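Taking it in order: structure first as structure tokens, then the write-up.
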Amino acid sequence: MEIERKFLIDKENLPENLEQFPCRQIEQGYLCTAPVVRIRRQDEEYYLTYKSAGLMAREEYNLPLNREAYLHLKPKADGLVIAKTRYLIPEKDGLTIELDVFHEEYEGLLLAEVEFPSEEAANAYIPPAWFGVDVTYSSRYHNSTLSRGTGISR
């Protein structure tokens, strides 16, 4: 079960020295968006992911792929292949902020996600002051929606 909250971030509010945090280069495409079936390259790791319907909480299953399988499936992705840099920023209570800085078609879009051990913890979370609008309950900001080019205006 994946339980997460998602927030828009204004680039003027980014943490200083962002480059000091570990980051990953991510590229992902969607073979299907209902249900969500995604392929992802994260640095040199490759995955096929299934996600159930839902906004804050939903089932998620990751299966490993090799590079060849990923490259075979990538041209079959519907819509846009999303590219982003994900920074991993330590947060209170042992949590991690995953700050996604989007590239290419969504250049300038910044989203922060925080995953939680329970829905109670997610609902009790008080985000840091540099977070913007909570978009957890807006499917417009799901990567699967963004891949269709129908999420937000670019």
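Residues that are open to solvent by 20 Å² or more (accessible area, probe 1.4 Å), touching an Asp or Glu at 6+ places or on another chain (Cβ under 8 Å) and touching a residue at least 24 places away in the same chain (Cβ under 8 Å) within the range 52-62 comprise Ala57, Arg58, Glu59, Glu60, listed in sequence order. Among residues of the range 16-41 that are closer than 13 Å to Ala77 by Cα, those with a Cβ under 6 angstrom from a residue that is part of a loop (DSSP other than H, G, I, E, B), sequence gap 6+ or separate chain, pair up as Gly29/Ala77; Tyr30/Ala77. Of the residues Gly149, Gly94, Gly108, the single one that is modelled with pLDDT of 95 or more, at positive phi and open to solvent by 20 Å² or more (accessible area, probe 1.4 Å) is Gly94. Within the range 63-75, not a single residue is touching an Asp or Glu at 6+ places or on another chain (Cβ under 6 Å), of a type outside the set (A, V, I, L, M) and open to solvent by less than 60 Å² (accessible area, probe 1.4 Å). Among the residues of the range 5-35, write down those that are crowded, with 17+ Cβ neighbours inside 10 Å, touching an Asp or Glu at 6+ places or on another chain (Cβ under 9 Å) and within 29 Å of Ala69 (Cα to Cα). Listed by number, the residues that qualify are Ile26, Gly29, Tyr30, Thr33.
Of the residues in the range 37-44, at least one is open to solvent by 80 Å² or more (accessible area, probe 1.4 Å) and not β-branched (Val, Ile, Thr). The single residue among Tyr87, Tyr125 that is over 18 Å from the mean Cα position of the chain (by Cα) and at pLDDT 95 or above turns out to be Tyr125.
The values are calculated or read from the model by the stated rules, or taken from the named source; none is laboratory data. On a predicted model such as this, the values are computed, not experimentally measured, just so you know. With ideal geometry, Cβ positions are generated from the backbone for all residues, glycine too; neighbour counts draw on all protein chains shown. Accessible surface is based on the protein model in full, side chains and every heavy atom, while ligands, DNA and RNA are left aside. Shrake-Rupley method; radii C 1.70, N 1.55, O 1.52, S 1.80 Å.
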